[in-house]
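For reference, the structure is listed below as structure tokens.
The values are calculated or read from the model by the stated rules, or taken from the named source; none is laboratory data. All values derive from a computational prediction rather than experimental measurement. Positions of Cβ are generated from backbone atoms using ideal geometry, with glycine treated the same way; all protein chains shown enter the neighbour counts. The protein model used for the area step is the full one, side chains on, heavy atoms only, and it has no ligands, DNA or RNA in it. Shrake-Rupley method; radii C 1.70, N 1.55, O 1.52, S 1.80 Å.
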Amino acid sequence: MRVLRALTVTAAATCAAIALSAPFASANPGNPVSPAIPAAPANPAGGPPSGGNGGPSNVTVNPYSVHQGSTMQVSAAGCGHGGIVFSHGNFPQTNLSAGSIGFATVRIFNHASPGHHTLSVKCHDNSLVATHRFTILDGRGAQGGLGGSLGPSTAETAIGASLVGAAALGAGAHVMRRRRPIRGRA
């Protein structure tokens, strides 16, 4: 009875260890989640295009100052059918979602020049372009969240799970061996 109980506890502990390590294995350390940063105030260099109605307007960026290699959220009103966001040499052309307010997440190039830059927003159904300024900071920003730590990689999680499984099997074998009757004893 004790052997069955020991094996049950060992199996339960192994399953719990593997289940608890699954979120770390599925995490993407290349794209850490950072806390929300309030949007930068409206910049006079950005905003609605000149010369008429119907184009992109109220362009905002979040955060206003971004490190090389990091991401930045761009939003704009007036592009009901979507559009594009671009800034030559700073990030690749990115699609703006459709809706009353469109959103795009752009990733700043690792080699982008630090300093003040301008991005442009153009709707798919209009030739007008709106611009907004933003700042690229030198160097890679800190990996935020959970005290700056990153979760283990998939390989590290697999190795850890196999070690836990091997330990469980070893403990089970040890318990089974101790339960064998010694020959010559009654």
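Listed values, structure above:
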| quantity | calculated |
| --- | --- |
| The stretch 163-179 residues that are of a type in the set (Val, Ile, Thr), paired with ones that are surrounded by 11 or more Cβ atoms within 10 Å (Cβ to Cβ) (beta carbon under 6 Å, 6 or more apart) | Val164/Thr14; Val164/Ala17; Val175/Val3; Val175/Ala6 |
| Test set (1) modelled with pLDDT of 90 or more; (2) buried (at least 16 other Cβ atoms within 10 Å of the Cβ); (3) within 28 Å of the chain's Cα centre (by Cα) - Thr157 fails condition number | (1) |
| Of residues in the stretch 85-113 being in a loop (DSSP other than H, G, I, E, B) and touching a strand residue (DSSP E or B) at 6+ places or on another chain (Cβ under 8 Å), the one most open to solvent (accessible area, probe 1.4 Å) | Ser100 |
| In the stretch 124-140, residue surrounded by the most Cβ atoms within 10 Å (Cβ to Cβ) [restricted to those that are closer than 25 Å to Gly55 by Cβ and of a type in the set (D, E, K, R)] | Arg133 |
| Single residue of the stretch 72-84 satisfying the filter (touching a residue at least 40 places away in the same chain (Cβ under 8 Å) and open to solvent by 10 Å² or more (accessible area, probe 1.4 Å)) that is nearest to the chain's Cα centre (by Cα) | Ile84 |
